[in-house]
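Data block below; observations after.
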Protein chains: 2
Amino acid sequence: MIRCKQKRPSADKTRHTILQVATRLFAKHGFAGTSMRDIAQTAQVSLNLITHHYESKKNLWKQVRLNMANKFEHFCGAKTRQEPSDLKMFLERAVSNLFGFWQKHPEALRILNWQRLEAKQKSLMITSGSYSLHLQEVIGALQTRGQVRQDVDADIILLLIFSTIHGALEESSVVFQENKAHKQKTYLQLAADSLYKALKT
Amino acid sequence: MIRCKQKRPSADKTRHTILQVATRLFAKHGFAGTSMRDIAQTAQVSLNLITHHYESKKNLWKQVRLNMANKFEHFCGAKTRQEPSDLKMFLERAVSNLFGFWQKHPEALRILNWQRLEAKQKSLMITSGSYSLHLQEVIGALQTRGQVRQDVDADIILLLIFSTIHGALEESSVVFQENKAHKQKTYLQLAADSLYKALKT
């Protein structure tokens, strides 16, 4: 009984360490550029132990992405799951959630990019989870209530919101170099303002 | 004399073939994932000939990116180098140029993404060429003339324009799958409209 209780946390800890190391290496070198051997060496565990916990490199990659998707859902969902009745508030929250998450998890943004480039691994897109569906539903609801223009489909509107935020994080390395915090704040205000003006009826 | 004249085009053709093959392979597998041997085999030339023309893999990558930057400048510059006096016209042109270029050259978008991920190769960013400077100057001029809001710096405004377009191309695979042409047109109109409303005074 005691042995059992002691074993559990240790196995969980090993699983967690492997997942963390794999996330870091996948983010740095992509799926193709990372070997199970690299992960084993960096995590200081045996190759067998990784296979025991995660079967294959493909499955490990999938778990890394699922873990990120969960973090994303948790980060955004916890703050916004109550349905906002006001377009301005909705946009400010969405912009700040999306930007906040990708900025807090630069490794997630890199993995998303690797996924786009390494075509065979694109079966699971991180952003098209329940938070995206939630945003799309809110846009639809705001359209029905006459607060958002109805001549453009909700999925196209969502694409504009995502682009404004993701695009900036991709392009921003040069622009945000000086006065970083100030420039980011200015950009986010401009983005929310621009989206509001574009979408309101 | 005759020999000389015959040799030239042939060497140029070889250089061109190598550059084309390298562009295709770099776009597909990135810098690290492409070997000089792969390029030689696919282009059906000897490794020596590639080294003769392009010295090293790093230099070949640089030439591929320079070639793309030139294409980009040519594509956008030829149509827009006359300074537009009207914000709406300026935005519609910029949006259509940027989207048009990246859509026509998906390999360029992939190489841009590889460049972001393979940090050591980021010394030359494709988009920060003379066309970007040109756009920034026009925005500055329109600000001076009171047509564009002056509370946000021109570089931040340019970032919003780039994000709206690049972001969409990155995210669009899912959204643009059905009714592709129609959805793209709707998106571009929404983007230009959104930028206009956000930037005008």
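The values are calculated or read from the model by the stated rules, or taken from the named source; none is laboratory data. Owing to the predicted nature of the structure, the values given are computational and were not obtained by experimental measurement. Please note: Cβ atoms are built from the backbone with ideal geometry, for glycine as well, and neighbour counts cover all protein chains shown. With ligands, DNA and RNA removed, areas are computed over all heavy atoms of the protein, side chains included. Shrake-Rupley method; radii C 1.70, N 1.55, O 1.52, S 1.80 Å.
Ascending distances from the A:K200 label point to its copies in the other chains, with the point 7 Å along the Cα-to-beta-carbon line: 1.5 nm.
Comment: the Cα-to-Cβ extended label point of B:H182, at 7 Å, lies 4.8 nm from its counterparts in the other copies, nearest first.
Multiplying the sequence separation of A:K104 and A:S85 by 0.36 nm and subtracting their Cα-Cα distance, what value in nm do you get? Don't jump to the answer; show the numbers that get you there.
Numbers: separation 19, 0.36 × 19 = 6.84 nm, distance 2.76 nm.
Full extension of this stretch gives 4.1 nm more.
Take the Cα of B:Q150, step 7 Å toward its Cβ, do the same at B:T17, and the gap between the two points is 5.9 nm.
Taken residue by residue and averaged, Cβ atoms of other chains lying within 10 Å of the Cβ of A:109-116 number 3.
Which entries of B:K28/B:K180; B:K28/B:K58; A:K104/A:K180; A:K28/A:K104 show an alpha-carbon separation above 18 angstrom in the structure shown?
B:K28/B:K180
Label positions at B:A32 and A:E55, each projected 7 Å from the Cα along the C-beta direction, are separated by 2.6 nm.
Between chain B and chain A, roughly 3400 Å² of accessible surface gets buried, counting both sides and using a 1.4 Å probe. Projecting 7 Å from Cα along the Cα-to-Cβ direction, the label point of A:D86 sits 3.7 nm from its equivalents in the other copies, listed shortest first. Take each residue of peptide B:149-162, count the partner chain Cβ atoms within 10 Å of its Cβ, and average: the result is 5.
Work out the mean other chain Cβ neighbour count within 10 Å for the residues of B:187-197 and drop it here as an integer. Numbers along the way, then the final one.
On the way: counts 8, 0, 3, 9, 6, 1, 4, 9, 3, 3, 8.
Going residue by residue through B:187-197 and averaging, the value is 5.
Peptides A:185-198, A:13-26 ranked from most to least packed give A:185-198, A:13-26, packing being the mean of other C-beta atoms within 10 angstrom over each peptide's residues.
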